[in-house]
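Novice: Pasting in a structure now, in structure tokens, and then I'll have a few things to ask.
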Amino acid sequence: MLNTELEYRERIRKLAVCIVKHYRGKGPDNVKVSLDSPLRVTVEIQGTLSNLSEILVHEGAVEKVSDYWNVLRPYLEKEFMREAEKTLGSPFTYTWEVCPSVHGDGHIIITCELQHIPRLD
């Protein structure tokens, strides 16, 4: 893997940590960035949910957590979309989902579809 690819993934990971710290008050447990294709980036973030959200996910109420994220999303977009586009190197659209884990806590998977291939130099 090229050094520039590693640096690109690290910049994305740092932005995800910054966003989680902004709304949660502390950073996530783990952030995994995958470059699935030149136009697709997947970010899996563990440790993003509040204790209440983790309880809801554990009890099977993932839709309640999704409702909460639907309220939080416009705020985070307003605060961080410009920085996210700069970090990714392209305008993009994204999807997200709350995924329960085997241990009962949840994590978020964000898939970004870039409009053009970013320059990694």
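Read-outs throughout are calculated quantities, based only on the coordinates presented, and are distinct from any laboratory measurement. As the structure is a computational prediction, the values presented were derived from the model and not from experiment. Don't worry about glycine lacking a Cβ; one is built from the backbone with ideal geometry, like all the others, and counts go over all protein chains shown.
Novice: Let me check I have the definition right: for the chain, take the eigenvalues of the Cα gyration tensor, multiply each by 5, take square roots. What are those semi-axes in whole Å, largest first?
Specialist: 26, 15, 13
Novice: Could you tell me how many degrees, from 0 to 90 and to the nearest 10, lie between the Cα long axis of helix 62-88 and the main elongation axis, the longest principal axis, of the Cα atoms of the chain?
Specialist: Helix 62-88 sits roughly 20 degrees off the main axis of the chain.
Novice: Note the full-extension length gain between L76 and R11 as 0.36 nm times their separation in residues minus their Cα-Cα distance, in nm to one decimal.
Specialist: 21.6 nm
Novice: With the crude spin-label approximation of a point 7 Å out along Cα→Cβ, what separation in nm comes out for A61 versus T4?
Specialist: Each label point lies 7 Å from its Cα, and together they span 4.9 nm.
Novice: Under the definition of Cα pairs under 8 Å and six or more residues apart, what whole-number percent is the relative contact order of the chain?
Specialist: Relative CO of the chain lands at 29 percent.
Novice: Here is a follow-up. For the pairs K21/K86; K64/K86; K32/K78, note any where the Cα-Cα span goes beyond 22 Å.
Specialist: In this structure, K64/K86; K32/K78 exceed 22 Å between Cα atoms.
Novice: Here's something else I'd like to know. Rounded to the nearest 20 Debye, what is the dipole magnitude of the chain about its Cα centre when Lys and Arg each give +1 and Asp and Glu each give -1 at the C-beta?
Specialist: About 400 debye.
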